[in-house]
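Heads up: the structure comes next, in structure tokens.
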Amino acid sequence: MFGWTGNILRVNLSAKTFKKESYNEDFALKWVGGRGFAAKILYDELKPGIDPLGPENKFVVALGPIAGIPAPNTGKAVVAAKSPLTGFYGDGNLGTRMSEQLRKAGYDCLIVEGKAARPTLLYIEDDKVEFLSAEEVWGQGTYATNAWIYGKYGKGVGVLNIGQGGENLNLYAMVRSLEGRAGGRPGIGAVMGSKLLKAIVAKGSTPIPQADPPAMKTLGLGDLRAVGELNKKTGWSIQSTTGVLAWCNEVAGLPVRNFRKTSHPEAWKIDGERVNDARIATYGCPNCTMRCGVTIHDHEGRESELDYENVGLLGSNLEIFDLPQVGSLNYLCDEYGLDTMSAGCVLSFYADAIERGATTGDFKFGDAERAKELLRMAAHREGKLGNLLADGTRRMARAFGHNSEAYAMQVKGLEVAAYNCKFIPGQALAFGVAAIGAHHREAWIITFELKHTTRESYGPEKAAKVIELQRIRGGMFEFIVACRFPWIELGWPIENYPKYFNTVTGLNWTLDDMWQRADRIYSLIKLNYLREFPGASRGDDYPPAVWFDPENADKEGPIAGRVLERDKYDGLLQHYYDQRGYDRRGIPTKETLKKLDLAQEAAEAERYGALT
Ligand code: PTT
Ligand code: SF4
């Protein structure tokens, strides 16, 4: 077997034991790696109903066949667990040298079980595993923790760590890497915190097994250079992801005032041009010649790395149009290890709920200083309010009542990304049916929808596009494990990815082989959801109710008077189910499960009444 090490490292923090386990070729070919490995392992090993913050939950780091190989943008890793925010499978994908170092240590996957007795740093070096004290940095943010680790081990190691948010079990706490990236939106950092696992460091010395190393070296290094050239030519990295803000504002798709409005005259103050003007440095993940991270000085003079999602949800959505202040909120999320996207939605929901009279409080849209205090309180679960804010919008809405769930911007418990779908049906569907809740990772259909189709359409072509993107974005890139940006932002041909995969593994897969695995993994995550929530219905695949509310329509601008239409959305959802081979409740049919080779997993789900 080439491309896979064939090994999983299983660590038990309670017993301070570890085991090198091997897996066979059938497992590798069926689940490939990354999200595929994580979803399968967690499905098989976790009983439905367990407490995500209890020792029975497992924290998984999973890599894929091309992760860590010098080739375009392979410096990524998947982190996964049962999510404390959504109650079912959750994951994230972040830039980290772990991708290479864990594989060089001999493992494609790490499973962490149990709970440590004291704050722990898990150190992995080839066959050695050590359970070291992290008490010195417990209570500290990710910047100090990264500096401490850097001081001990230098820069060549793979590092994942958490901040105070993860330690205090904030339900949208993230995992952060030494490279400053963050992943695991649905509270995967809180799962690390629940295990008193402050950090993981990995270092390896064995080359990753490859079918044809010289061919891969020539191909990978040549393509890294070519992607770098293409990037220079397109100029994409000048604004990077923050370039999206001006476009969203123009097409009435920007979140403003808890998604009440879709554009704002002051949006230009925080757009990509302003971010580039304020740029002080450029960041990149390992094996990347695009380097999309842009840092600016925040209000307090610290260096803060901005992406579109962060600016949209901590900026326009809170009506904060002061870039350094947005930088400060972003910095605090990184420092505490909170997901900027959920944090932005939590704060905007809180301001909205106060304004609409569902609760009382002293926070208003536009108040950056109070927003900073609220983030601190949420990260530390300070007092009643801190606890409330740490639980995410769905639980907050349940606590507030007064029909506030209608404008809590989440699907399946995960807060929506920075695209205001008041009248963008395809993107609304993409959020509704995204595997782990309302993440744009799965299907970012908005540009296709607004550039190549009409906003009015709820036709089958949009359902088909969502599935196509789910296969590519939520599928292939998540199981071979590479960053999707060369493809999506520079138009780097998608056919290159099976080429890298085949050169590393010695196989001969086509894109269709990739899509087959993508569909299997997507449906396995669906089974995981159904097993956790038997009786789930198509209503679970709806976006927030406020997007259907005529009272919430824009009063002026390109979509004045328009919102999503419920009966038409329902029709679009049905197109999606039909094309996926799911029944009217959104449950995969027996034939579909058989076709996807999920019969054994389906039988398991059936025991919990998930398919009836
Ligand atoms: C991702 C999500 C995103 S998606 C952003 S900005 W984006 C936010 N980044 C955060 C951050 O930073 N700090 C923080 N405290 N919270 C944050 N929350 C948000 O997290 C990310 C890039 C980006 S920037 C995107 S779109 C692409 N995502 C990829 C993906 O998901 N898969 C893949 N194979 N390739 C991808 N390439 C791009 O990577 P989550 P990252 Mg993160 C600081 O993982 O949980 O999915 O959350 O991944 O390495 O930080 O890079 O406009
Ligand atoms: Fe990381 Fe950006 Fe490069 Fe992707 S394009 S690997 S997110 S720096």
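Here are the numbers for this structure:
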item	result
Under the Karplus curve 6.51 cos²θ - 1.76 cosθ + 1.60, θ = phi - 60°, whole-Hz ³J(HN,Hα) for region 124-131, x wherever Gly or Pro sits	10, 9, 6, 7, 8, 10, 10, 9
Label point 7 Å beyond Cα of D44 along Cβ direction - residues of region 517-536 with amide nitrogen under 16 Å	521, 524-525, 528
Whole-number percent relative contact order across region 278-390, with pairs defined as alpha carbons under 8 Å at least 6 apart	18
Relative contact order of region 325-466, defined on C-alpha pairs under 8 angstrom at six or more residues apart (%)	17
Centre separation in Å (Cα based) which lies between region 450-523 and region 416-444	17
Protection-proxy order for peptides 44-55, 549-560, 417-428, each taking the mean of Cβ atoms within 10 Å per residue, highest first	417-428, 44-55, 549-560
Region 7-203, accessible surface, carbon-and-sulfur percent (1.4 angstrom probe)	48
Cα centroid separation, region 1-45 to region 244-266 (Å)	43
In nm, spacing of pseudo-spin labels at E300 and N403 (7 Å Cα→C-beta vector)	4.1
Distance (nanometres) between label positions extended 7 Å along Cα→Cβ at Y150 and K590	5.9
Extension gain from D583 to T454, taking 0.36 nm per residue of separation minus the Cα-Cα distance	43.7 nm
Compactness of the chain as Cα Rg over 2.2 N^0.38 Å, two decimals	0.89
Karplus (6.51, -1.76, 1.60) ³J(HN,Hα), θ = phi - 60°, over region 592-598, in Hz, Gly and Pro reported as x	4, 5, 5, 4, 7, 6, 10
Fraction of accessible area attributable to carbon and sulfur, region 400-504 (%, probe 1.4 Å)	53
Neighbour-limited loop hits for trypsin sites (Lys or Arg not before Pro), region 1-101 (at most 15 other Cβ within 10 Å; DSSP other than H, G, I, E, B)	K16
Amide H contacts under 5 Å for G114, placed H, 5+ residues apart	L13
Between region 55-132 and region 285-360, the Cα center-to-center distance that results, in Å	26
Accessible area expressed per residue, region 7-203, with surrounding protein chains retained (probe 1.4 Å, Å²)	26
Net length gained if the chain between T218 and T360 were fully extended (0.36 nm per residue, minus Cα distance)	44.9 nm
Heavy-atom accessible area order for F27, F363, largest first, 1.4 Å probe	F27, F363
Mean separation of Cα contacts under 8 Å, 6 or more apart, over the residue count of the chain: relative contact order %	15
Alpha-carbon Rg with Dmax, taken over region 390-455, Å	13.1, 42
Length gained when the stretch R118-K555 is fully extended (0.36 nm per residue, less Cα-Cα span)	151.8 nm
222 nm mean residue ellipticity, helices alone, for the chain (DSSP H n ≥ 4; -39,500 (n - 2.57); rounded to 500)	-12000 deg cm²/dmol
Two-decimal ratio, region 497-590, of alpha-carbon radius of gyration to 2.2 N^0.38 Å	1.54
Under Karplus coefficients 6.51, -1.76 and 1.60, residue-wise ³J(HN,Hα) of region 206-211 in Hz, glycine/proline x	9, x, 5, x, 9, 5
Probe 1.4 Å, protein heavy atoms only - accessible area per residue of region 421-612 in square angstrom	36
Spin-label model distance (nm) - A599 vs L507, 7 Å beyond Cα toward Cβ	2.1
For region 112-196, the fraction of alpha-carbon pairs in successive 5 Å shells from zero, as %	3, 15, 26, 28, 20, 7, 1
Three principal axis lengths of region 422-468 [C-alpha, angstrom, descending]	27, 22, 15
Relative compactness, region 7-203, computed as alpha-carbon Rg over 2.2 N^0.38 Å	0.91
DSSP bridge orientation in the chain - percent antiparallel, rounded to nearest 5	80
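The values are calculated or read from the model by the stated rules, or taken from the named source; none is laboratory data. All figures in this text were calculated on a predicted structure; none of them were measured in a lab. In this analysis, Cβ positions are derived from the backbone assuming ideal geometry, glycine residues included, and neighbour counts consider all displayed protein chains. For accessibility, only protein heavy atoms count, side chains too; no ligands or nucleic acids. Shrake-Rupley method; radii C 1.70, N 1.55, O 1.52, S 1.80 Å.
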